[in-house]
Amino acid sequence: MGKIKTAKQMERHLKGVANHYRIEILLLIAAREALTLEGIIREIGANGKTLGEHTRRLYHAGLVNKKYRGKFVEHTLSPYGKNFVHFLKSFRRIQ
């Protein structure tokens, strides 16, 4: 088992996911395993600059990893991102 996170560390992750576009992006990446920004834009259908900023915030929150593939950047979930997706899916079902 890993180290216990501080409240400040948990805040970073929670703020990173605190937006409906960021939640959509996390769920979309989880469904596809890896996705470029262009793929995210195509699937969600929102402004590219807006979605680019939200993926950047997810990356800085430690929820998404980036891998450069030529002129494209592939986004995958980090281990913390996978934990949040699991939480989001279970939270969706709570009544």
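Only the coordinates and a few stated rules stand behind these numbers; no lab work does. Keep in mind that this is a model prediction, so the values were computed, not measured. Virtual Cβ from ideal backbone geometry, glycine too; neighbours counted across all protein chains shown.
A few points about this structure:
- Here is the P(r) of segment 1-46: all C-alpha pair distances, binned every 10 Å from 0, give 23, 39, 28, 9 in whole percents.
- Per-residue ellipticity at 222 nm, computed for the chain from helices alone with -39500 (n - 2.57) per DSSP H run of at least four residues, works out to -19500 deg cm²/dmol.
- Inter-probe distance in nm under a simple model that places probes 7 Å from Cα toward Cβ, at Asn83 and Arg12: 1.3
- In this structure, Lys3 and Thr76 have a Cβ-Cβ separation that, at R0 = 22 Å, corresponds to a calculated FRET efficiency of about 0.45.
- Cross-link partners for Lys67 among the lysines, with Cα-Cα distance under 20 Å and sequence neighbours closer than 8 places in the same chain left out: Lys49, Lys82.
- Cα convex hull of segment 25-69 - mean projected area over all directions, nm²: 3.0
- Cβ-placed point charges (K, R +1; D, E -1), dipole of the chain about Cα centre in debye, nearest 20: 280
- Hull volume per residue, based on the alpha-carbon atoms of the chain and their convex hull, is 117 Å³.
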